[in-house]
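Below is one structure, written out as structure tokens, with a few remarks after it.
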Amino acid sequence: MTPYLLVSRSAEYESRLRGLLGERLRVIPGEFVRLGPESVVDRAGEPRIVLLGPILNYEETRGLVNELTDRHPNLGVVVVREQRSDLEDWVDELAMHAVLSPNANDEATLELIDRLSEWLVAHGRAAMDDFDAPPELEIDDLSFASLETFAEPELDDVPAGIEDPPADVPAESASDELAQAPVQQAWDFPPLASGTPSEAIAVVAPKGGQGKTTLSINLATGLAEIAPNSVVLVDADLQFGDITAALALVPEGTIVDAVAAADDELVLKTTLTHHDDGFFVVASAPSPELADHVPAAALGALIERLRRLFRYVIVDTTPGLGEHSLIALEHVTDAVFVMNMGVPSLRAVRTEFELLNAIGLMPVNRHVVLNMSDRLSGLTARDVEHIIGAPVDVEVPRSSAVLLASNRGVPLIHDDVRDPAAKAIRSLVQRIAPDAFPKRSIIHRKRRSNEPE
Ligand SMILES: Nc1ncnc2c1ncn2[C@@H]1O[C@H](COP(=O)(O)OP(=O)(O)OP(=O)(O)O)[C@@H](O)[C@H]1O
Ligand SMILES: [Mg+2]
């Protein structure tokens, strides 16, 4: 009997919850969500409580809640999601029992799960022995600050102690003492365990306007699903960087402040700007002339310092192989080479490869991305490979959704999950972090009724 079920796209959250619930937890990776809610429910067993998230969008969560509660009407439903402006809509519209921050500490997470388990037992929705003995808790030390809110489920009543929270007061504040607990910021930096391999990825192109910034932003978004709040995106397009504009962010500081603070971790953190999708941004210089305050060596030192704090460091660069881009390439593990289907751009990529190989600056992992691919260009992917002298790893089609997302200030892969360009960029995320995704071979597709055995 596995009473708890987690459906999530975050490998890190999954391993954390496994650590807390052990054998009592069944996990269905987000990969299955794309196959439809039935595919998830078919694998769900007989759960008593399901945790949905982090990194499931509204439609996915709604589909799962409906399908799961249809099949298991007594199920307790917890949505794992950060405090965002649209959270209230989720609470209003989904038949869930509670919302849990993915950043809630272990004690608070277990406390919430235990309270919901007890409530299900008390209301005849589960038997006591459905849940093994709860793990030991240091109740005195509980921090409830990250338990965002309990939603009134569409049920006849709710667990003792969490019912009828006043509209603007989270239910857990029922205890005055606990309500005094310091509020933990939803985006606290998770500590990077020593020995955690950090990866740094430079996004480069010999020519301008190829899609470096678009890819950088969406890579950060995709990697933040794997490692929430352990991803930083550095806008090293020093003079004309536009990442904060493309994400509708107001910068807390800029790269000029960040390089000046690179020796002091605490100050450095204050120069970063947080994005709600779970990553941080080092904004570009506030005006072109201030870019001179960032010598190339200082950029290298900044990348190294960030690699000690974050699991993934992504560096968006200026077009061409200027001093800063070369230094960035020297300090990264991966390079994403971006090109369009224009012959001059492709020839320039070939020259860039030759040069980097000649000077020994080709990073260990190379990812060749053909962006804005278009059947009307007169070239095929094979022609492209012939010109650049290397295989294309990911082909991102031209899509109007890219500009639309940028104008809305939202990363494409969250703005339009079905868009072909978004899907292609997801496959780049998968290439860069293959271990975070289940292997294809373990997905057993359900045989269709009209398919021969
Ligand atoms: N796959 C795509 N389909 C359609 N438009 C795209 C695609 N990728 C990028 N674009 C658009 O192309 C333009 C240039 O993209 P982007 O700013 O990401 O390129 P860049 O390489 O960072 O440019 P720069 O060299 O100026 O920094 C933007 O308007 C962006 O919306
Ligand atoms: Mg750019």
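The table that follows gives values for the structure above.
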{"quantity": "Heavy-atom accessible area order for Ile359, Ile255, largest first, 1.4 Å probe", "calculated": "Ile359, Ile255"}
{"quantity": "Two-site label geometry, Arg308 and Asp132: point separation in nm, points 7 Å out along Cα→Cβ", "calculated": "4.0"}
{"quantity": "Within the accessible area of the stretch 199-440 (1.4 Å probe), percent carbon and sulfur", "calculated": "52"}
{"quantity": "Gain upon complete extension [Leu35, Arg16; 0.36 nm per residue less C-alpha separation]", "calculated": "4.4 nm"}
{"quantity": "Inter-centroid distance (Cα atoms) of the stretch 344-384 relative to the stretch 59-79, Å", "calculated": "46"}
{"quantity": "Where Lys269, Lys423, Lys212, Lys207 fall by accessible area, highest first, once all protein chains stay in place (1.4 Å)", "calculated": "Lys423, Lys207, Lys269, Lys212"}
{"quantity": "Computed over the stretch 313-414, Cα set: Rg, Dmax in Å", "calculated": "14.6, 42"}
{"quantity": "Computed over the stretch 191-341, Cα set: Rg, Dmax in Å", "calculated": "13.7, 44"}
{"quantity": "Per residue solvent-accessible surface (Å²) - the stretch 199-440, probe of 1.4 Å", "calculated": "41"}
{"quantity": "Rounded FRET efficiency, nearest 0.05, which uses the C-beta distance separating Asp435 from His386 and R0 of 35 Å", "calculated": "0.60"}
{"quantity": "Nitroxide proxy distance, nm - points 7 Å out along Cα→Cβ at Asp264 and Glu330", "calculated": "2.7"}
{"quantity": "Computed over the stretch 199-440, the ratio Rg/Rh where both radii use C-alpha atoms and Rh is Kirkwood", "calculated": "0.94"}
{"quantity": "Simple label model, 7 Å out from Cα along Cβ direction - Ala248 to Arg43, nm", "calculated": "3.4"}
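The values are calculated or read from the model by the stated rules, or taken from the named source; none is laboratory data. Not measured: the values here are computed from a predicted model. So basically every Cβ, Gly included, is an ideal-geometry build from the backbone, and we count neighbours across all protein chains shown. Remember, those area values only see protein heavy atoms, side chains included, never the ligands or the DNA or RNA. Shrake-Rupley method; radii C 1.70, N 1.55, O 1.52, S 1.80 Å.
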